[in-house]
1. Rounded if a/c is under 1.5, else prolate if a/b beats b/c, else oblate: with a ≥ b ≥ c from the C-alpha gyration tensor eigenvalues square-rooted, which is the range 360-485?
2. Kindly state, to the nearest 0.05, the FRET efficiency for residue 131 paired with residue 338, given R0 = 56 Å and r defined as their beta-carbon distance.
3. Considering just Cα atoms, how many Å³ per residue does the convex hull of the range 337-623 enclose?
4. How much length is gained if the chain between residue 604 and residue 249 is pulled fully straight, taking 0.36 nm per residue apart and subtracting their Cα-Cα distance, in nm to one decimal?
5. Counting other beta carbons within 10 Å of each Cβ, put 401, 266, 340 in order, fewest first.
6. Could you please rank 271, 346, 125, placing first whichever residue has the fewest other Cβ atoms within 10 Å of its Cβ?
7. If R0 is 45 Å, what FRET efficiency do you get for residue 522 and residue 575 from their C-beta distance, rounded to 0.05?
8. Rg and Dmax in Å for the range 305-380, alpha carbons only: what are they?
Amino acid sequence: MAARKRKKSTKRKPAAKRGGGAYARRRRTGASRRKRKRAANRFEPFARAATELGVFAFTALIGLAALFAYFASDLPDTAGLWREGGGPRVTLLAADGAPIMLQGVAQGAPLRLSQLPDHVPEAVMAVEDRNFYHHFGANPVSIIRALIVNANEGAVRQGGSTITQQLAKNVFLSSDQTMKRKIQELMLAFWLEQKFTKDEILTLYLNRVYFGAGAYGVDAASYRYFGKSARYVSVGEAAVLAGLLKAPSRYSPTSNPEDSGKRGRLVIEQMVSARFLSRAEADAAIAAPVLLAAPRFEAAPYFVDHALKQVRALTADVDADFIVRTTFDPRVQAAAETGLIAGMAMAGENLGGVEAAAIIIDSEGAVRGMIGGRDYAKSQYNRATQAKRQPGSAFKPFVYLAGLMRGETPDSQVLDAPIEIGAYTPGNYKDKYYGEVSLREALARSLNSAALRVQERTGRAFVRETARRMGWAGALTSGPSLALGVDAVSPLELAVAYAPFANGGFRVEPHVIERIETVDGDLVYQRKGSIVEEAAPASAIAETNDMMASVVAWGTGRAAGIPGYRVAGKTGTSQESRDAWFAGHAGGLVGVVWIGRDDNKPMDNITGGHAPAVIWREIFSRALPPPTYAPQRDDVDPIAAILHAGG
């Protein structure tokens, strides 16, 4: 039987049997590729977005960098945070530690937080930046709140600045309300937060912020309003100071005490809310009165100029900011300023176009007050220290002192009559002569011919030596006119030469600087006493003082007398009344007053016994404390004429 033909199967063989391993792999690879393609298609929008975002971010970074560079291009130099204007900052303090105010502006001595009572910084933080110790330089919550309030009000009603931002603005920036300035403020605030500790930032802020009335810094403000350092302010006083920061003029305790009080109470309530005070402490602070000090003298420009010149000389090799303790006494300076005005008015003479200078030092040469001219705004020329003018008869006490040291006595006799010394023939005031007189009367009446005779019999060389030992600065003529004060001297130099009359006979060095420190507390300069040497025996000094007391008691200087004080002094008038002087001492202070014209033209018959003596009296009657004893007039010559002679 024939074989049957096998029918071809239509079933596909398994891949393994088809010998198709490569085929299977190709199928799997294709499937994977298709899956990957489908996956890639799904993520393509995200990839494209990421790419675009990256480009945008890169572009934004470049833009921000450019913007940062733009805003930073004119940022101020932060290398010297305490310095303004590129040079060292000098804080001048009076002898009592109070800041000296110049042209209505005062910078207080820098105080660290450790030197202040806790309630001072706490009062400031309570109303200015309660979260100061918890932010990084800016407070986003405060900024958002301020934006909302200002948007609702349609005007700037609330600020969102932190203390750090305020410091950045006060120290480095203007007060312009612009976006650029605000961004720069933020940049500087972040820099400050990185550069300094919180305590350091708060210290800087308290020492630099403006409290009104020309006072910069909490110490200057405390002196301005309360007459004491910020170290000693009460809670209520601290609240008043903190309240000033929002609006110094509106909340000034001197001009707006009611608003200031309300603001101070608000600050205290904020301190309670911030848990700086308990309720009981707050109630006690509100109940306690806040007493304002009488306004202090606020302008001593001639003294400040002179002091700064000395500071520059003493700190030439030191690169730092300085705190300078001076010899300045605000009370004496105020007396000088007021006394000059009063004396000019009371003198009753034609003083139009006449300038004036006055210097007050103590018996050790410390300058306590200084007037260099009648109006600093018109002329900064300091006549008290720079003007060299002839003192006239104010030189005569040195002549009589020399005579006393050579054996004369106040009762020694001398002839007062016309005199010729070679070609030199000086005369007395109004050509009036008194014949034989005592040395006391000769000085009291300022008799020229008698003084010349005392000088000639004592010896000119010894008179010159005596004047120099007393502290006379500058040249002295060798001619007979020496006795009549023809050698030019400044008011300060004459006061220094008179100082031994007030201290028992010791020459002194004049000075305005007691101590200089850097703001970090490093000592730069400390004065080490000012007594140079003995200038004259105490007995001769006492006798000369006794004679000068007669000048004021019944002589040419009667207008300088102060009830209750023994005033010893001497008048002086140069030729043709070009210069008029009174120099003297009382109560431990030495003072010299000069008036004259800058062009050295003659005045209208003005002598030292008139306007200068009156001005001196008005200054010293204010500068000295009230007398504690009755006037003593045992030096009065009962037979001496009381007519006012020239000086």
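1. Details: a/c = 2.08, a/b = 1.74, b/c = 1.20.
In terms of gyration-tensor shape, prolate.
2. Details: r = 49 Å, r/R0 = 0.88.
It comes to 0.70.
3. Looking at the range 337-623, the number lands at 134 Å³ per residue.
4. Numbers: separation 355, 0.36 × 355 = 127.80 nm, distance 4.71 nm.
So the extension gain works out to 123.1 nm.
5. Numbers: 401 30, 266 17, 340 21.
So the ranking, lowest neighbour count to highest, is 266, 340, 401.
6. The order, fewest Cβ neighbours first, is 346, 125, 271.
7. Using R0 = 45 Å, I get an efficiency of 0.30.
8. Cα only, the range 305-380: 15.7, 52 Å (Rg, Dmax).
Each value in this text was obtained by applying a stated rule to the coordinates, not by laboratory testing. Remember, it's a predicted structure, so these values are computed and weren't measured experimentally. Quick reminder, even Gly has a Cβ in these numbers, built from the backbone with ideal geometry, and neighbours come from all protein chains shown.
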